[in-house]
1. Restricting to DSSP loop positions (anything but H, G, I, E, B) with no more than 14 other Cβ atoms inside 10 Å of their own Cβ, which trypsin sites (Lys or Arg not before Pro) remain in the range 36-88?
2. What do you get for trypsin sites (Lys or Arg not before Pro) in the range 116-210 restricted to DSSP loop and a cutoff of at most 11 other Cβ within 10 Å of the site's Cβ?
3. Counting pairs on different chains as well as pairs 8 or more places apart, how many Lys pairs in the range 131-213 have Cα atoms under 18 Å apart?
4. Using only alpha carbons, build the gyration tensor for the chain and give me the equivalent ellipsoid semi-axes, biggest first, whole Å.
5. Taking the Cα atoms of the range 122-230, report the difference between the largest and smallest coordinate on each principal axis, in whole Å and largest first.
6. As a test of reading the structure, rank TYR168, TYR111, TYR142 by solvent-accessible area (1.4 Å probe, protein chains only), most first.
7. Calculate how many DSSP beta bridges within the range 61-220 are antiparallel, expressed in % of all such bridges and rounded to the nearest 5.
8. Using only the heavy atoms of the protein chains and a 1.4 Å probe, how would THR117, THR58, THR156 rank by accessible area, largest first?
Amino acid sequence: MNKKKYYLLIVICFFIQATYAQEKKDSLVMQIHLNYGKSRLELQKKYISNSDTLEIETLKFYISNIEVMYTDNTVKKSKVNYHLVDIKNPNSLAIPIDAKQNKLINKVSFYIGIDSTASVSGALGGDLDPSKGMYWAWQSGYINMKIEGKSNSCKTRKNQFQFHLGGYLKPNYALRKIEIPIQKKQIPNGVINIIADIGNLFSEISLKETNSIMIPGKAAMQIADLSAKIFSVK
């Protein structure tokens, strides 16, 4: 390669990197922080909640239909309708929304789970692909949230607990809407930092009494209500 072509290649690479960096800088992103209390949630680490000692082995949930509302009453919707958050996939914790606006954000809203429209459409691709392990069948639709682990409080095989929360048919419609007020100081560099504190969920559950929910029903609706309370802005 002669020097002219070599320098041209360097210029092209520099331009691509600069363009990518600028796009990243100008993007509005929702960053999910999975916590247990005030600390980052770690798999297979022992946590204490009420009288239970527990370990989390699996944590997945869907975030859907994100909307950012500005103080001028305009609304920006995420281009991605359904996004699977998986603690085992760090890249899934950052959800791109759109280009950053030079306006003040009033609040952000989203749903935990998959709406009935997607559920009755049958298994879809991307994050809705059945290979993600979050699809029951067309009769029951998608699992909105999956939490698995173990605790000595559970008198089950290998002391395991399993919560597969979902359902799209009333009265067992597990979709829950979250609305979080936002202040300017809480969105540095176009990043909306959202905490999902799993400790808040288990503080309301006795694993000795409730440790397996695998189908839509009243018990799943009660845990779905609790799951809506784990989110806050950082």
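The values are calculated or read from the model by the stated rules, or taken from the named source; none is laboratory data. All of these numbers come straight from a predicted model, not from anything done at the bench. Here Cβ is always computed from backbone atoms with ideal geometry, including for glycine, and neighbour counts include all displayed protein chains. These accessible areas exclude ligands, DNA and RNA; they are computed on the full protein's heavy atoms, side chains included. Shrake-Rupley method; radii C 1.70, N 1.55, O 1.52, S 1.80 Å.
1. On the way: sites: LYS38, ARG40, LYS45, LYS46, LYS60, LYS76, LYS77, LYS79, LYS88; in loops: LYS38, LYS45, LYS46, LYS79, LYS88.
Here the sparse-neighbourhood loop sites are LYS38, LYS45, LYS46, LYS79, LYS88.
2. LYS155
3. 6
4. On the way: eigenvalues 261, 86, 76 Å².
Here the semi-axes work out to 36, 21, 20 Å.
5. Between the extreme Cα coordinates on each principal axis of the range 122-230 lie 48, 36, 27 Å.
6. Result, largest first: TYR111, TYR168, TYR142.
7. Among the beta bridges of the range 61-220, antiparallel pairing accounts for roughly 95 percent.
8. Ranked list, largest accessible area first: THR117, THR156, THR58.
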